[in-house]
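Novice: For reference, the structure I am asking about is given below.
No lab work stands behind these numbers, since they all come straight from the coordinates. Keep in mind the model is a prediction, meaning the values are calculated, not measured. A quick note on method: Cβ atoms are made from the backbone with ideal geometry, for glycine too, and the neighbour counts reach across all protein chains shown.
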Amino acid sequence: MRKDFLPFSRPSILEADIEAVAEVLRSGWITTGSKNAELEARFRETTGCRTAVCVSSATAGMHIALKALNIGPGDEVITPSMTWVSTVNLIVLAGATPVFADVDRDTLMVTADTLESRITDRTRLIIPVHFAGAPVDMAPIRLLAARHNNIALIEDAAHAIGTEYKGMPVGRLGTSIFSFHPIKNITTGEGGMVCSDDPDFEARIRRLKFHGLGVDAYDRQAQGRSPQAQVVEPGFKYNLPDILAVLGLGQMDRLKEMNHQRARLAGYYMEKFKNMEEILPLAVPDYPLKHAWHLFIVRLDEEKAGMDRDRFMAELKARNIGTGLHFRAAHLQKYYRETFPDIVGTLPHTEWNSQRICSLPLFPDMTPEDVDDVVDAIKAVLSK
Ligand SMILES: *Cc1c(COP(=O)(O)O)cnc(C)c1O
């Protein structure tokens, strides 16, 4: 058995990153400033997006994006239930109604077909979620939204830093929100980025993330924004401190290399699971893409394994192998189950997966020997 605990994720932080943070601390300017501007520029270069705005988390970014689209009571917002609950929480907190579209059973992503069946006269926004590092098939979804009075689209790209869809990086078109939480492909501790090809939307995001102040130009002389800036509308306090933004710069330098290592490890897992019938990895979609391998998710065939997923996770933990659960379906979480009981049973693929999915360890500093340890532990658990 493995001696030390292998977590399912761990951020890759170099001494140079620690030194960069120390430099910001010594500089006299530790909150939003030049490092934010550099990280936004780096994001524009990498994804080809027209505008990029740093925020304190993807959740904060989603909050002000909903606000910028004036989503409120009477509006319906379509999203998968197979996602992190923050999006659904925000829809409800905005006074709007979440409407769940089912996902493809083997990619965990919504399709134009599953979305279309949920569109009504009140649909104002669709939030597709790129899953585990693979891209949603966006082209037919863009056509669908355009055909229905230009329903707004926001891509939840928390899993998709470095993902490409049909030769184009996620973020290049439309509006996408990225996360820099420690388990994501790059991290700033906490943080996020709102990318958009619409400068008016960007302007609104910039003011909503900082008290609703009308100007956000970082003034090197004044070390911040102009003291004369005025509130144009009530806003929030969702800015990213430079202490954190500087971490993102080092991470962006290594994005390709880190994602490459994730892909290598994922390929190795795939090979190992080819002949293990109890373990069903997610499918990689067949349209042209570049996978960011944010997560390595498998589904446990409970019958063949002779145990349920929760027991499987506990048994692995007892063998020093950490796992994650991405995600328990939002509509099956206590609050949503009790508030919207009629939804239970209407999302067969989501519910099937919610019960069986499990994320295995995958992070750039892992080695193929670590993968061997995970696979050996799984074999031991299944043969018990
Ligand atoms: C992590 C995650 C979020 C939230 O990101 P934060 O930066 O933690 O707010 C949103 N959606 C998905 C799919 C995620 O995985």
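Novice: Pairing the Cα long axis of helix 138-147 with the longest principal axis of the chain, what angle in degrees results, from 0 to 90 and rounded to the nearest 10?
Specialist: 60 degrees
Novice: For the chain, what is the calculated [θ] at 222 nm in deg cm²/dmol (nearest 500), taking -39500 (n - 2.57) for each run of four or more DSSP H residues and dividing by its residue count?
Specialist: Rounded to the nearest 500, it is -11500 deg cm²/dmol.
Novice: Within the set of other residues whose C-beta is less than 12 Å from the C-beta of F100, count the net charge using Lys and Arg as +1 and Asp and Glu as -1.
Specialist: So the environment of F100 carries a net charge of -3.
Novice: Let me ask something additional. Give me the number: length gained by fully extending E45 to K304, i.e. 0.36 nm times residue separation minus the C-alpha to C-alpha distance, one decimal in nm.
Specialist: Here the segment from E45 to K304 would lengthen by 88.5 nm.
Novice: Quick one: of K166/K317; K274/K334; K274/K317; K272/K384; K35/K317, which pairs are farther than 30 Å apart, Cα to Cα?
Specialist: Violating the 30 Å limit, Cα to Cα: K166/K317; K274/K334; K35/K317.
Novice: Here is a further query. Testing the spin-label approximation: label points 7 Å from Cα along Cα→Cβ at D4 and S383. State their distance in nm.
Specialist: In this crude spin-label approximation the distance works out to 2.7 nm.
Novice: How far apart, in nanometres, would the label points at A314 and M276 be if each is projected 7 angstrom from Cα along the Cα-to-Cβ direction?
Specialist: 2.1 nm
Novice: May I ask what percent, to the nearest 5, of DSSP beta bridges between residues of the chain are antiparallel?
Specialist: 65 percent
Novice: When the Karplus curve 6.51 cos²θ - 1.76 cosθ + 1.60 is applied with θ = phi - 60°, which whole-Hz ³J(HN,Hα) does each residue of segment 93-110 get, with x for Gly and Pro?
Specialist: Couplings: 5, 6, x, 8, 10, x, 10, 9, 9, 6, 10, 4, 4, 10, 10, 6, 10, 5 Hz.
Novice: So, in nm, how far is label I18 from label T31 when the simple model puts each one 7 Å beyond its Cα toward the Cβ?
Specialist: 2.8 nm
Novice: Continuing with this model, one more query. So what J values fall out for segment 299-311 if you push phi through Karplus, 6.51 cos²θ - 1.76 cosθ + 1.60 with θ = phi - 60°, rounded to Hz, Gly and Pro as x?
Specialist: Listing the rounded values in order: 10, 8, 6, 4, 5, 5, 7, x, 7, 8, 4, 5, 5 Hz.
Novice: Which aspartates and glutamates have a Cα less than 14 Å from the Cα of K209, not counting those fewer than 8 places away in the same chain?
Specialist: Straight-distance partners of K209: E233.
Novice: Then there's this: If you add up the charges near L125, with Lys and Arg at +1 and Asp and Glu at -1, over every other residue whose beta carbon is less than 10 angstrom from its beta carbon, what do you get?
Specialist: Local charge sum for L125: -1.
Novice: Across all directions of projection, what mean area in square nanometres is found for the Cα convex hull of segment 15-253?
Specialist: 12.9 nm²
Novice: Further, regarding this structure: Please compute one quarter of the surface area of the Cα convex hull for segment 255-382 and express it in square nanometres.
Specialist: So the mean shadow area of the Cα hull is 9.4 nm².
Novice: Expected output is a single nm value to one decimal: the length gained when fully extending between W352 and R142, i.e. 0.36 nm times separation in residues minus the C-alpha distance. What is it?
Specialist: Extending this stretch completely gives an extra 72.8 nm.
Novice: OK, next. Treating cross-link reach as a plain straight distance, find the aspartates and glutamates whose alpha-carbon is under 15 Å from the alpha-carbon of K290, omitting any fewer than eight places away in the same chain.
Specialist: D137, E164, E257
Novice: A follow-up question, please. Anyone know which of T175, T367, T83 comes out most mobile in the 10 Å Cα GNM of the chain?
Specialist: In the Gaussian network model the winner is T367.
Novice: Can you pull out the cysteines in the chain that have no other Cys Cβ under 4.7 Å?
Specialist: Unpaired cysteines in the chain: C54, C358.
Novice: Going by a ≥ b ≥ c, the root eigenvalues of the Cα gyration tensor, does segment 107-165 fall in the rounded group (a/c under 1.5), the prolate group (a/b larger than b/c) or the oblate group?
Specialist: prolate
Novice: Of the residues Y238, Y269, Y287, which exhibits the maximal mean-square fluctuation in a Gaussian network model of the chain defined by a 10 Å Cα contact cut-off?
Specialist: Its mean-square fluctuation being the largest, the pick is Y287.
Novice: Let me ask something else. Among A229, A65, A41, which one shows the highest mean-square fluctuation when the chain is modelled as a Gaussian network with alpha-carbon springs under 10 Å?
Specialist: Among A229, A65, A41, the largest GNM mean-square fluctuation belongs to A229.
Novice: Once you have the Kirkwood Rh of segment 1-150 from its Cα pairs, apply Stokes-Einstein at 4 °C and 1.567 mPa s and quote D in µm²/s.
Specialist: So the translational diffusion coefficient is about 70 µm²/s.
Novice: Can you sort L144, L347 from fewest to most other Cβ atoms within 10 Å of each residue's own Cβ?
Specialist: Final ranking by Cβ density, sparse to dense: L144, L347.
Novice: For segment 347-359, take each phi angle, set θ = phi - 60°, evaluate the Karplus expression 6.51 cos²θ - 1.76 cosθ + 1.60, and give the result in whole Hz per residue in order, putting x for glycine and proline.
Specialist: Those phi angles translate into 10, x, 5, 4, 5, 4, 6, 3, 7, 10, 6, 7, 9 Hz.
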